[in-house]
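Below is one structure, written out as structure tokens, with a few remarks after it.
The values are calculated or read from the model by the stated rules, or taken from the named source; none is laboratory data. Computed from a predicted structure; not experimentally measured. Positions of Cβ are generated from backbone atoms using ideal geometry, with glycine treated the same way; all protein chains shown enter the neighbour counts. Heads up: the accessible areas ignore ligands, DNA and RNA and are worked out on the full protein's heavy atoms, side chains in. Shrake-Rupley method; radii C 1.70, N 1.55, O 1.52, S 1.80 Å.
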Amino acid sequence: MEPDALTALIERLVRPEIQRLSAYHVPPARGMIKLDAMENPYSWSDGLRAAWLETLREVTLNRYPDPTAGELCQRLRASMEIPEGMGLLLGNGSDELIQMLAMTLARPGAKVLTVEPGFVMYRLIATFAGMDYVGVPLRAGDFTLDMPALLEAIERERPAILYLAYPNNPTGNRFDSDDLVRLIEAMPGLVVIDEAYAPFTDYSFLGLLGDWPNLLVMRTVSKMGLAGLRLGYLAGPPTWIEQIDKTRLPYNINVLTQASARFALEHKAVLDAQTQAIRAERVQLFEALRELPALHPYPSEANFILVRVPAGRAPALFEGLKARNILIKSLDGSHPLLADCLRLTVGAPEENAALIEALRELL
Ligand SMILES: *Cc1c(COP(=O)(O)O)cnc(C)c1O
């Protein structure tokens with residue numbers, strides 16, 4: 001086989017927009033203090049682990065999963081207070097729900113609107129599905145919504161869908177809820193409020209589902225402590241959920257996830273105690289960061305803190321932390337508003353202490 005022939009074949013067959021993408025990169029983290037991916041740092045007690053493993057004894061791997069994950073849905077409805085009468089759709093992580101939404105709405109010329117800096121999967125999945133992507137910058141300085149620019153973009157682009165993460169990733173702030181209502185009312189298309197960080201804030205749009213025909217709320221169990229299970233959920237008017245469900249691949253929630261998530265939600269008090277501890281640690285970490293010279297941490301209602309470091313220092317700080325076995329996320333260069341910014345996931349107390357100590361040495 002001629003290598004040139006292979007290249008020519010790929011160039012001829014693969015969609016140009018896919019050729020232009022670089023693959024989503026996850027750095028290796030073995031043995032490191034992992035403060036890069038908004039994971040819950042706490043594990044389960046030996047007793048709880050044993051009880052979980054006991055429930056897995058009943059799982060049959062030779063059979064397909066319950067296609068509707070009925071028992072898990074019931075559990076989620078009760079544990080997460082999904083309003084009565086609303087539809088519920090499960091995804092292999094909320095990433096898969098974003099993909100189902102794209103497949104449902106991707107008519108030729110359909111547009112995805114969101115804010116920047118924001119969650120990168122909205123743009124990536126729009127590209128996969130051949131949808132046009134429109135990103136409206138947040139306000140420099142405090143990352144609040146630029147309402148005139150957003151309302152103008154809605155008028156101009158008539159988007160099929162608007163995504164707003166509430167609180168936002170990677171900035172950590174929560175947008176003004178009255179502004180969100182104005183956007184829901186101005187949007188000709190769907191509005192998905194992405195509440196991936198719900199465990200770390202007291203605010204939610206879940207209770208407002210049904211008030212508008214175009215509002216959906218998306219959540220995930222990842223950030224509350226179950227990232228390994230890959231389970232997201234989308235709630236909203238049942239007639240919307242029925243349409244989106246048509247794009248779901250059969251058996252998308254595997255038997256181990258169904259059984260494990262049911263078990264975990266039966267013991268949700270453990271996860272709640274952990275996320276409360278993370279919220280308390282967030283306050284400590286914020287104060288410690290603020291006391292370091294020349295660092296500017298931004299207020300957060302999520303389980304991470306965005307920090308602006310002195311100009312030009314982000315790459316060296318990232319590498320310096322890595323050399324000290326601490327993995328964080330550098331956002332420098334990813335968006336003009338994020339120049340000199342690092343994103344620090346709130347870890348366990350000793351992890352945060354190690355982070356602060358390392359930053360103190362490096363600054
Ligand atoms: C982490 C994150 C998700 C992804 O959740 P998964 O369920 O793990 O796919 C979705 N939205 C936002 C804003 C996130 O930060």
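On inspection, R156 fails the criterion of being within 14 Å of the ligand (Cβ to nearest atom), among the charged types (D, E, K, R), out of contact with any Leu (no Cβ under 6 Å at 6 or more places or on another chain) and on the phi < 0 side of the Ramachandran plot. Screening N173, N252 for residues that are out of contact with any helix residue (DSSP H, G or I) (no Cβ under 9 Å at 6 or more places or on another chain) and within 16 Å of the ligand (Cβ to nearest atom) leaves exactly one candidate, N173.
Identification of helices (runs of 4 or more DSSP H) wholly contained in the range 147-264 with 2 or more residues that are aliphatic (A, V, I, L, M) and buried (at least 19 other Cβ atoms within 10 Å of the Cβ) yields 147-157, 177-186. Counting residues in the range 23-38 that are more than 23 Å from the chain's Cα centre (by Cα), touching a residue at least 24 places away in the same chain (Cβ under 8 Å) and not assigned by TED's automatic domain parsing to the domain that holds V346 gives zero.
Across the range 279-298, not a single residue is classified as in a helix (DSSP H, G or I), over 30 Å from G141 (Cα atoms) and outside the structural domain of S222 (by TED's automatic domain parsing). Is it the case that K268 is under 16 Å from R77 (Cβ atoms), away from the ligand (no atom under 16 Å from the Cβ), among the charged types (D, E, K, R) and open to solvent by 20 Å² or more (accessible area, probe 1.4 Å)? The answer is yes for K268.
Count of the range 126-146 residues, restricted to those that are open to solvent by 10 Å² or more (accessible area, probe 1.4 Å) and either in a helix (DSSP H, G or I) or of a type in the set (G, A, S) (or both), is 7. Residue-level check: of (1) open to solvent by 20 Å² or more (accessible area, probe 1.4 Å); (2) within 16 Å of the ligand (Cβ to nearest atom); (3) part of a helix (DSSP H, G or I); (4) under 16 Å from L226 (Cβ atoms), E39 misses just (3). The set of residues in the range 73-89 being part of a loop (DSSP other than H, G, I, E, B) and either within 12 Å of the ligand (Cβ to nearest atom) or among the charged types (D, E, K, R) (or both) consists of E81, E84. Residues that are more than 12 Å from the ligand (Cβ to nearest atom) and more than 19 Å from I154 (Cα to Cα) within the range 101-123 comprise M103, T104, listed in sequence order. Only one entry in A186, A126 is more than 15 Å from the ligand (Cβ to nearest atom), touching a residue at least 24 places away in the same chain (Cβ under 8 Å) and of a type outside the set (D, E), namely A186.
Contact map, the range 287-298: first residue on the phi > 0 side of the Ramachandran plot, second residue open to solvent by less than 20 Å² (accessible area, probe 1.4 Å), Cβ cut-off under 6 Å, separation 6 or more or different chains; the map is empty.
Does G70 meet the test of being in the same structural domain as L234 (by TED's automatic domain parsing), more than 16 Å from the ligand (Cβ to nearest atom), farther than 22 Å from L215 by Cβ and of a type outside the set (A, V, I, L, M, F, W, C)?
Values: in the same structural domain as L234 (by TED's automatic domain parsing): yes; more than 16 Å from the ligand (Cβ to nearest atom): yes; farther than 22 Å from L215 by Cβ: yes; of a type outside the set (A, V, I, L, M, F, W, C): yes.
Answer is yes for this residue.
For the range 90-119, the set of residues classified as part of a loop (DSSP other than H, G, I, E, B), at negative phi and open to solvent by 30 Å² or more (accessible area, probe 1.4 Å) consists of N92, A106, R107, P108, F119, listed by residue number.
Conditions first: (1) at negative phi; (2) more than 21 Å from the chain's Cα centre (by Cα). Y251 passes all but one, so which condition is the exception? With (1) at negative phi; (2) more than 21 Å from the chain's Cα centre (by Cα) applied to Y251, the lone miss is (1). Among residues of the range 313-358 being outside any helix (DSSP H, G or I) and open to solvent by 60 Å² or more (accessible area, probe 1.4 Å), the one that is nearest to V136 (Cα to Cα) is S334. Taken over the range 42-67, the criterion of being surrounded by 13 or more Cβ atoms within 10 Å (Cβ to Cβ), in the same structural domain as D202 (by TED's automatic domain parsing) and either of a type in the set (K, R) or in contact with a Phe, Trp or Tyr (Cβ under 6 Å, 6 or more places away or on another chain) (or both) is satisfied by P65 alone.
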